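The values are calculated or read from the model by the stated rules, or taken from the named source; none is laboratory data. All values reported here derive from a predicted model rather than from experimental measurement. Cβ coordinates were reconstructed from backbone atoms using ideal geometry, including for glycine residues, and neighbour counts include every protein chain displayed.
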Amino acid sequence: MNTTQENPQAEPARADIDQLPGATVLEFGAGWCGHCQAAQPLIAAALAAYPQTRHIRIEDGKGRRLGRTYAVKLWPTLIFLNNGTEIARLVRPLDSASIAAALHALNN
């Protein structure tokens, strides 16, 4: 039941993210970002093996505060959360193996 949620108009509140149960991957980026576009197939391939993991895409940029609360500086940034607590972080992943390794750590 891997869910990808994306709503660039409505940024989730940090308090809501902190209270999410179970495994969650936050993906910070921008639709026009070349690094973000290149990472999409890598992220999808890695997440396919973890259908129970919640995946939330968050449009980041000027005026968006959630990314600042996580100290996001480059896109894409993947933050792996277990019950709202950060377990791992990847910035501009170049292969699905590194994403899969973080997902494995998150789900075990």
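Summary of values
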quantity	calculated
Count of residues meeting criterion [exposed (fewer than 13 other Cβ atoms within 10 Å of the Cβ) and under 18 Å from Leu42 (Cα atoms)] in segment 69-108	5
Filtered residue count, segment 39-53, keeping only those that are surrounded by 14 or more Cβ atoms within 10 Å (Cβ to Cβ) and in contact with a Pro (Cβ under 9 Å, 6 or more places away or on another chain)	4
Qualifying position, being over 20 Å from Arg14 (Cβ atoms) and hydroxyl-bearing (Ser, Thr, Tyr), among Tyr70, Tyr50	Tyr50
Pair list, Cβ < 7 Å and 6+ apart or interchain, from segment 66-85 residues that are over 19 Å from Ala100 (Cα atoms) to residues that are among the aromatic types (Phe, Trp, Tyr)	Gly67/Phe28; Val72/Phe28
Top-ranked residue of segment 12-34 - restricted to ones that are over 20 Å from Leu74 (Cβ atoms) and either in a loop (DSSP other than H, G, I, E, B) or among the hydrophobic types (A, V, I, L, M, F, W, C) (or both), ranked as nearest to the chain's Cα centre (by Cα)	Ala23
Out of Thr69, Thr85, sole residue that is modelled with pLDDT of 95 or more, touching a helix residue (DSSP H, G or I) at 6+ places or on another chain (Cβ under 6 Å) and of a type in the set (S, T, N, Q)	Thr69
Boolean, Arg57 is touching a Leu at 6+ places or on another chain (Cβ under 9 Å), touching a residue at least 40 places away in the same chain (Cβ under 8 Å) and among the charged types (D, E, K, R)	yes
Residues of segment 3-26 satisfying the condition of being modelled with pLDDT under 60 and out of contact with any strand residue (DSSP E or B) (no Cβ under 6 Å at 6 or more places or on another chain)	Asn7, Gln9
